[in-house]
Ligand code: NAX
């Protein structure tokens, strides 16, 4: 019997939809994650080839025409799994009965803007959308925040939607996780699907800590430690970390646009694993509400290694943390504490 459709909200779905003037003022640094993401969802990349979906797309008024264009293209693509499209600038209509919400829309930092001004704009967006989700989404709606500052936007959403369980709110660090897998695969010249259990700790920012101390590669003679195979601790502690931390900037430099394809793909990976489960023996990185694990203060949305089963994530416990890692994990936590207090100072 055919499954019932799942309703998926994508905010910021018009992507790259600005007037020429806005475009110039953004200095061409805008990506278009929403535009890359919606066809992936409609094709079954996120929830599987037998799961029908109804897409809800929310954007702002100036992007409405472009959003209607995206809707026309979705219809023209004749995706068999796509059972409906809602394209709107009304947050209430957008959030109505959604089972999954992917929050890509946000206010980007423009040249000359203070951090506090950007934070303030995003706090007001996430406060308003939290309330629309809380009142109108399906009761067990899972939320993934992609827009930056992703961890802190997710935290604001959590705080202003108190009836949504904290377990249902997350932010995207899977792109960083996938970037770390990619770097190890390139370095060892092995298929990326044989590399597993890297970890991204902390903030989706340049203070994130990509950690391979527990990562392995599946080989013909069993699993081997990435550290042993790389056999170059200096590289792992320096270039590897900075390459992953600064990959977003490197993409902007090369493409003159931010990462969109890889970010959309990572959002699909994040939701797929969360809903359908992580493979046995494998963990992934997700920004989730800290329960105090690994000495990370509770009350932060922090990226941890997690496994998922039956639609629930759990932080992987008991990993040994060395002094080098401890310092990096605390530094990124401290940045999140500071972002949290900046965000709170912007709430009105
Ligand atoms: P774009 O600027 O192309 O798209 C943003 C979209 O959001 C636009 O269509 C805009 O009209 C819409 N929008 C603005 N305010 C809105 C609101 N209040 N409600 C609904 N929609 C609204 O950015 P894009 O490159 O698609 O990136 C989107 C966000 O993802 C940015 O904040 C970006 O920094 C962040 N990223 C996060 C990543 C992660 O791993 N967590 C990686 C990629 C990306 O940098």
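The values are calculated or read from the model by the stated rules, or taken from the named source; none is laboratory data. Worth saying up front: this structure is predicted, and the values here are computed from it rather than measured. Heads up, the Cβs are rebuilt from the backbone with ideal geometry, glycines too, and the neighbour counts pull from every protein chain shown.
The condition of being over 18 Å from the mean Cα position of the chain (by Cα), at negative phi, within 10 Å of the ligand (Cβ to nearest atom) and outside the structural domain of residue 202 (by TED's automatic domain parsing) does not hold for residue 120.
Does residue 70 satisfy being in a helix (DSSP H, G or I) and crowded, with 21+ Cβ neighbours inside 10 Å?
Answer is yes for this residue.
Within the range 264-288, restricting attention to residues that are within 20 Å of residue 211 (Cα to Cα) and either in the same structural domain as residue 50 (by TED's automatic domain parsing) or within 14 Å of the ligand (Cβ to nearest atom) (or both), the residue that is surrounded by the fewest Cβ atoms within 10 Å (Cβ to Cβ) is 269. Exactly one residue out of 132, 161, 137 is surrounded by fewer than 23 Cβ atoms within 10 Å (Cβ to Cβ) and either in contact with a helix residue (DSSP H, G or I) (Cβ under 8 Å, 6 or more places away or on another chain) or modelled with pLDDT under 95 (or both): that is 132.
For the range 140-157, a tally of residues being farther than 12 Å from residue 11 by Cα, surrounded by 23 or more Cβ atoms within 10 Å (Cβ to Cβ) and within 11 Å of the ligand (Cβ to nearest atom) returns 5.
Does residue 310 satisfy the criteria of being modelled with pLDDT under 95, farther than 20 Å from residue 212 by Cα and outside the structural domain of residue 51 (by TED's automatic domain parsing)?
Against the criterion (modelled with pLDDT under 95, farther than 20 Å from residue 212 by Cα and outside the structural domain of residue 51 (by TED's automatic domain parsing)), residue 310 does not qualify.
Looking only at the range 207-261, which residues are in a loop (DSSP other than H, G, I, E, B), more than 16 Å from the ligand (Cβ to nearest atom) and surrounded by fewer than 15 Cβ atoms within 10 Å (Cβ to Cβ)?
The answer is 220, 221, 231, 232, 238.
Among the residues making up the range 16-46, those that are within 16 Å of the chain's Cα centre (by Cα), within 12 Å of the ligand (Cβ to nearest atom) and either in a helix (DSSP H, G or I) or at pLDDT 50 or above (or both) are 32, 33, 34, 35, 36, 37, 38. In this structure, residue 92 does not qualify as assigned to a strand (DSSP E or B), in contact with a helix residue (DSSP H, G or I) (Cβ under 8 Å, 6 or more places away or on another chain), more than 16 Å from residue 40 (Cβ to Cβ) and not assigned by TED's automatic domain parsing to the domain that holds residue 269.
Any residue at all in the range 98-113 that is in a loop (DSSP other than H, G, I, E, B) and more than 26 Å from residue 257 (Cβ to Cβ)? Yes, the conditions are met somewhere in the range 98-113.
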